[in-house]
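A.B. asks: This is the structure I have questions about; it appears just below.
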Amino acid sequence: MIGPPTSGTHVLAEFWRDALAGEWVCTEAGTPGTWIQIRLAAVTSDPSSGTIPVGFLIWNVTMDHTKRHAGGYVWEVPGA
């Protein structure tokens, strides 16, 4: 799974690491809880498959850019 959990019951301050090694922390307990990304996923190419949440942050190490998922497999360089 790419991104934070989308099901299950989670507790405050719970840690989650997704399939691309992005790291998340639960800021509000619940089902599935509220999550913020605390570490970017380091990738060599922009992900182009799977379910990726809008706002998901990556660091494309090949291009040396931080990118934000804008939906539909479109990646933006924040502030560009």
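A.B. asks: Filter the stretch 25-48 for residues that are outside any loop (DSSP other than H, G, I, E, B) and either at positive phi or acidic (Asp, Glu) (or both) and give the result. Walk me through it before giving the result.
C.D. replies: To start, the set of residues in the stretch 25-48 that are outside any loop (DSSP other than H, G, I, E, B) comprises 25-28, 30, 34-39, 41-43.
Of everything in the stretch 25-48, those that are outside any loop (DSSP other than H, G, I, E, B) and either at positive phi or acidic (Asp, Glu) (or both) turn out to be Glu28, Gly30.
A.B. asks: State which residue is nearest to Ile36 (Cα to Cα) when the search covers only the stretch 1-24 and only residues that are in contact with a Lys or Arg (Cβ under 9 Å, 6 or more places away or on another chain) and part of a loop (DSSP other than H, G, I, E, B).
C.D. replies: Gly22
Yes or no, residue by residue, for (1) surrounded by 18 or more Cβ atoms within 10 Å (Cβ to Cβ); (2) more than 15 Å from Ile2 (Cβ to Cβ); (3) out of contact with any strand residue (DSSP E or B) (no Cβ under 8 Å at 6 or more places or on another chain):
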{"residue": "Gly22", "(1), (2), (3)": "yes, no, no"}
{"residue": "Thr27", "(1), (2), (3)": "no, yes, no"}
{"residue": "Pro32", "(1), (2), (3)": "no, no, no"}
{"residue": "Gln37", "(1), (2), (3)": "yes, no, no"}
{"residue": "Ala42", "(1), (2), (3)": "no, no, no"}
{"residue": "Asp46", "(1), (2), (3)": "no, no, no"}
{"residue": "Val61", "(1), (2), (3)": "no, yes, no"}
{"residue": "Thr66", "(1), (2), (3)": "no, yes, no"}
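A.B. asks: Within the stretch 13-49, can you find the residues that are free of Cβ contacts under 8 Å to residues at least 24 places away in the same chain, among the small types (Gly, Ala, Ser) and more than 25 Å from Met63 (Cβ to Cβ)?
C.D. replies: Ala13, Ala29, Gly30
A.B. asks: Just one of the numbered conditions (1) at positive phi; (2) in contact (Cβ under 8 Å) with a residue 40 or more places away in the chain is not true of Asp64; which one?
C.D. replies: In the conditions (1) at positive phi; (2) in contact (Cβ under 8 Å) with a residue 40 or more places away in the chain, Asp64 misses (2) alone.
Each reported figure results from applying straightforward, stated rules to the coordinates on display, with no laboratory input. Everything numeric in this text was worked out from a predicted model, so none of it was measured. Using ideal geometry, Cβ is built from the backbone for each residue, glycine included, and neighbour counts are taken over all protein chains shown.
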